[in-house]
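The values are calculated or read from the model by the stated rules, or taken from the named source; none is laboratory data. Computed from a predicted model, the values in this text were never measured in an experiment. Note that each Cβ is placed from the backbone with ideal geometry, even for glycine, and that neighbours are counted across all protein chains shown. The accessibility values were calculated without ligands, DNA or RNA, using every heavy atom of the protein model including side chains. Shrake-Rupley method; radii C 1.70, N 1.55, O 1.52, S 1.80 Å.
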Amino acid sequence: MYHGWQSLVETGSPGAYRYTNPNTQHELQRLIQEIVQPLGPTLMQIPDAPSDVAFLESFTSQMFARRGTYGWNHSWAGDMYHVLMYAQLQPRVLYEESLLAGGLKGSKVLVMADCDVLTESVVRTIVEFQKNGGLVIADGEACPAITPDLVIPRFTRTKQAAKDHAALQDAAKKLREWLDPKYSRFVESSNPNVVTRRRTFGTTDYVFAINDHREFGTYVGGYGLVMEDGLPSETSVRINRGSGHVYDLVAGRELMTEFVHDSIRVPLQLGPCQGRVLMVTRRPIRDISINLPNAASRSDSISIAIAVTDAERPISAVVPVNVEIMDPEGRTAEFSGSYAAVDGQLTVHFDFAANDRVGMWEVRVRELASGKSATAFVRLHASEN
């Protein structure tokens with residue numbers, strides 16, 4: 001979500017968001033062109049990886065203790081979530097109804113922030129979770145019927161952004177020191193300012209790395225409330241799998257990696273506010289093929305079959321693909337654009353118009369993982385031969 005509607009469009013009368021940085025419109029345009037359009041169809045097909053860290057949002061506490069986020073992260077619970085991200089954890093939000101319906105199954109860690117008041121049934125479920133080896137992390141105001149394995153002290157923001165950021169990262173560091181001997185992450189960054197997240201499809205992992213390193217700038221930084229200028233970061237992202245091929249979906253190339261202690265290590269240099277999406281496949285991408293008819297007539301419908309393969313069979317991944325369909329005069333035709341090759345395969349159905357230019361049409365396909373491309377042709381006739 002982007003605040004500052006009036007920095008993007010003209011409105012009849014000015015409002016409170018009028019003074020949001022006017023450069024927002026240019027950055028949002030870049031983000032849409034470079035990330036949302038080419039990668040959106042792919043990311044929509046890839047679910048989050050199952051998480052074994054649960055973050056309890058207690059409706060009971062919100063109603064009876066006036067705690068919680070109420071849907072937006074302005075409270076201590078929101079700050080606790082930040083602590084977990086800086087500690088390289090990937091929590092999933094869990095509500096009391098889901099917890100009672102077996103939502104803790106598969107979880108190793110339960111985090112409770114702003115959980116002063118809980119129902120008896122929720123308490124029994126959490127106590128049973130602990131008896132079975134689950135770890136409970138909470139703040140000092142947790143429901144007295146629960147004895148946390150680790151207490152993270154609450155603190156209130158001082159409205160001094162640098163000081164508050166340091167406090168969050170210090171809490172994350174202490175959490176890591178306690179948790180690391182007891183818990184193994186699938187993905188983590190050596191730099192806490194680079195936040196990671198993982199999704200999966202088949203045998204392929206998708207690792208997000210976002211640079212959150214910032215300092216005060218000259219726009220609103222003088223007030224000390226917001227560190228609005230990004231800074232570069234270096235990190236090493238560890239992925240807990242013994243083998244794999246790593247592709248940068250933003251840059252469209254395979255990355256050099258090293259294998260250390262049965263894990264993949266990926267060194268990254270991130271610019272200010274920059275991010276990466278890494279696709280980690282079991283088999284390498286070797287080839288891209290296009291299968292379509294040699295000829296067609298006006299008003300015909302054809303199928304363009306595309307496969308991203310290891311030279312033998314399609315890759316078990318969702319691969320971002322860009323398709324260009326060009327008429328004989330070099331004009332881009334409808335149905336060109338960004339697609340997702342699910343399980344390494346994609347079929348684009350293309351309809352020729354009754355007045356389309358006859359001659360040789362060209363189909364160009366480029367997959368955005370390794371950058372490989374292919375070209376195929378179909379001759380369009382005025383009438384069926």
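Would you mind telling me the share, in percent, of accessible area of the chain contributed by carbon and sulfur at probe 1.4 angstrom?
51 percent
For segment 80-201, with every protein chain kept in place, what is the accessible area per residue (1.4 Å probe, Å²)? Write out the running numbers ahead of the final one.
Working: 5840 Å² over 122 residues.
Computed with neighbouring chains in place, this is 48 Å² per residue.
Taking the Cα atoms of segment 227-355, what is the range of coordinates along each of the three principal axes, in descending order and whole Å?
Ordered largest first, segment 227-355 gives principal extents of 58, 42, 19 Å.
Could you provide, to the nearest whole Å², the per residue accessible area of segment 288-385 with probe 1.4 Å?
So segment 288-385 comes to 48 Å² accessible per residue, rounded to a whole number.
How charged is the neighbourhood of N73? Take every other residue with its Cβ under 14 Å from the Cβ of N73, and add Lys/Arg as +1 and Asp/Glu as -1.
Overall, the nearby charge balance is -2.
Quick one: Cα convex hull volume of segment 206-247, Å³ per residue?
102 Å³
Say the dipole of segment 115-169 comes from +1 at the beta carbon of Lys and Arg and -1 at that of Asp and Glu; which of T119, V151, Q169 then lies farthest toward its positive end?
Q169
Just need the Rg to Rh number for segment 180-253, please, alpha carbons only, Kirkwood Rh. Intermediate results must be reported in sequence, preceding the final value.
Numbers: Rg = 16.1 Å, Rh = 14.7 Å.
Dividing the radius of gyration by the Kirkwood radius yields 1.09.
Rounded to the nearest 20 debye, what is the charge dipole size of the chain about its Cα centre when +1 sits on each Lys and Arg Cβ and -1 on each Asp and Glu Cβ? List each step's numbers first, then the result.
Details: 38 positive and 45 negative charges, 125 e Å.
Using Cβ point charges on Lys, Arg, Asp and Glu, the chain gives about 600 debye.
Loop only per DSSP, at most 14 neighbouring Cβ atoms within 10 Å: give me the trypsin sites (Lys or Arg not before Pro) in segment 158-187, ordered by residue number.
The qualifying sites are K159, K182.
Note down the net charge around P144, summing +1 for each Lys or Arg and -1 for each Asp or Glu among other residues with Cβ under 14 Å from its Cβ.
Here the count lands on -4.
Averaged over every viewing direction, what's the projected area of the C-alpha convex hull for segment 21-119? Give it in nm², one decimal, please.
Across all orientations, segment 21-119 yields a mean hull projection of 8.8 nm².
Compute the orientation-averaged projected area for the chain from the convex hull of its Cα atoms and round it to one decimal in nm².
Computed as one quarter of the Cα hull surface, the answer is 24.6 nm².
Quick one: net charge of G133's neighbours, Cβ under 14 Å, K/R +1, D/E -1?
Computed value for this residue: +1.
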